[in-house]
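A.B. asks: Handing you this structure, nothing more for now.
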Amino acid sequence: MRWIFAAVLILHGLIHFMGPAKAFGWAELAQLQMPISRASGLLWGVAGLALLATAALYLLGIRGWWTLALGAAVLSQVVILGSWNDARIGTLPNVVIAAVVLATLLARGEGSLGGG
């Protein structure tokens with residue numbers, strides 16, 4: 001299960017790099033119909049980096065990985081809302097991320113807020 005969750009984080013993070021690729025004209029992406037501003041493209045990229053960093057922290061067993069996971073999922077969802085018609089499916093991995101974080105916190109109890 002650990003590797004599946006990490007794969008979700010990594011795949012979702014990599015997909016986020018489509019945002020800067022479109023915003024900065026690095027690639028023609030026919031599947032993205034809505035325009036993406038450069039500022040929004042940067043946010044897409046930051047969300048992607050945060051998701052990849054979360055995967056690394058999670059796989060390395062670093063305490064507090066879940067705090068970055070929540071921030072990454074929230075930022076991811078914000079940029080998804082800005083491109084809803086093209087990116088709404090990205091809500092699903094964000095829900096999975098939030099569910100895993102919640103399950104982790106519930107399983108570890110009160111003291112889990114300090115660690116991973």
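Any read-out appearing in this document is the output of simple, stated calculations on the displayed coordinates, not a laboratory observation. Nothing here was measured: the structure is a model prediction, and the numbers come from that model. No Cβ is skipped: glycine too gets one built from the backbone with ideal geometry, and neighbour counts run over all protein chains shown.
A.B. asks: What angle, in degrees between 0 and 90 and rounded to the nearest 10, separates the Cα long axis of helix 2-16 from the longest principal axis of the Cα atoms of the chain?
C.D. replies: 20
A.B. asks: Sticking with this one: Which label belongs to the value computed from this structure, given these candidates for log10 I(q)/I(0) by the Debye sum over Cα atoms at q = 0.09, 0.17, 0.22 Å⁻¹: (i) -0.24, -0.77, -1.14; (ii) -0.19, -0.73, -1.27; (iii) -0.30, -0.94, -1.24?
C.D. replies: Recomputing log10 I(q)/I(0) by the Debye sum over Cα atoms at q = 0.09, 0.17, 0.22 Å⁻¹ here gives the entry labelled (i).
A.B. asks: Would you mind calculating the gained length between Leu59 and Leu11 on full extension (0.36 nm times residue separation, minus the Cα-Cα distance), in nm to one decimal? Before the final figure, lay out the partial values.
C.D. replies: Values: separation 48, 0.36 × 48 = 17.28 nm, distance 1.45 nm.
Computed gain between Leu59 and Leu11 is 15.8 nm.
A.B. asks: Same structure again: Calculate how steeply helix 91-108 sits against the longest principal axis of the alpha-carbon atoms of the chain, using the helix alpha-carbon long axis, and give the answer as 0 to 90 degrees to the nearest 10.
C.D. replies: 10
A.B. asks: HN-Hα J couplings of segment 29-43 from phi, Karplus 6.51/-1.76/1.60, θ = phi - 60°, integer Hz, Gly and Pro as x?
C.D. replies: 10, 4, 6, 9, 7, 7, x, 10, 5, 5, 4, 5, x, 5, 5
A.B. asks: Using unit Cβ charges (K, R positive; D, E negative) and no other charged atoms, how large, in debye to the nearest 20, is the dipole of the chain about its Cα centre?
C.D. replies: Roughly 120 debye, rounded to the nearest 20.
A.B. asks: Quick one: helix 65-82 against the long Cα principal axis of the chain, what's the angle to the nearest 10°, folded into 0 to 90?
C.D. replies: Compared with the principal axis, the helix lies near 30 degrees.
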